[in-house]
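The values are calculated or read from the model by the stated rules, or taken from the named source; none is laboratory data. The shown structure was predicted, so the numbers you read here are calculated from the model rather than taken from an experiment. FYI the Cβ positions are ideal-geometry reconstructions off the backbone, even for glycines, and counts take in every protein chain you see. For accessibility, only protein heavy atoms count, side chains too; no ligands or nucleic acids. Shrake-Rupley method; radii C 1.70, N 1.55, O 1.52, S 1.80 Å.
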Amino acid sequence: MAEGQRDLLYALRNNFHLGAYQAAIAEAQDLQHDDLGGAETVERDIFMYRAYIELGQTENVLAEITNESPLALQACRLLALIRTDGG
């Protein structure tokens with residue numbers, strides 16, 4: 001990140017790492033797509049879907065991530081599948 005730029009994902013990352021998964025999901029949903037670049041949008045989605053997985057809501061992840069989704073999101077889908085199958 002360049003000097004002087006605001007880290008738009010700071011609160012999202014912080015909530016996720018603190019285990020405040022519901023707050024992380026709310027923060028991710030509040031972030032507007034227009035404010036984020038392509039990589040930031042994917043990173044936002046990764047943290048949001050991982051928070052859903054940690055809350056045991058894997059069906060949301062499995063329903064929303066497809067084979068056409070970015071590779072990083074497909075990794076989240078695989079994690080959700082593992083958690084669903086009791087792996």
Requested in this report: Report the one residue of Leu8, Leu55, Val42 whose Cα lies farthest in the direction of the positive end of the charge dipole of the chain (charges on C-beta: Lys and Arg +1, Asp and Glu -1; origin at the Cα centre).
Outcome: Leu55
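So for segment 6-66, considering every pair of alpha-carbon atoms, how many percent are separated by more than 12 Å?
63
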Query - Residue-level accessible surface for Val61, protein heavy atoms, 1.4 Å, Å² - result: 0
Requested in this report: Report the relative contact order of the chain, percent, no decimals, based on alpha-carbon pairs under 8 angstrom and at least 6 residues apart.
Outcome: 23
**Report entry** Rg and Dmax [Cα atoms of segment 42-87; Å; Rg one decimal, Dmax integer]
**Finding:** 9.3, 26
Report summary line: Site Gln57, offset 7 angstrom along Cα→Cβ, radius 20 Å on amide nitrogen, limited to segment 23-46, gives 23-33, 41-46
Query raised in the report: In nanometres, what is the gap between the two model label sites at Asp30 and Leu78, each 7 Å from Cα along Cα-to-Cβ?
Result: 3.3
Requested in this report: Taking H placed 1.01 Å from N in the peptide plane, check which residues at least 5 places from Ser69 or on another chain put their amide H under 5 Å from its amide H.
Outcome: none
Query raised in the report: Where does the chain land at 222 nm, in deg cm²/dmol rounded to the nearest 500, when only DSSP H runs of n ≥ 4 count, each adding -39500 (n - 2.57), divided by all residues?
Result: -20000 deg cm²/dmol
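What size of dipole, in debye to the nearest 20, comes out for the chain about its Cα centre when the only charges are +1 on Lys and Arg C-beta atoms and -1 on Asp and Glu C-beta atoms?
Taking the Cα centre of the chain as origin, the dipole is about 300 debye.
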Requested in this report: Could you pull out the GluC sites (Glu not before Pro) across segment 5-87 that fall in loop regions by DSSP (anything but H, G, I, E, B) with no more than 15 other Cβ atoms inside 10 Å?
Outcome: Glu68
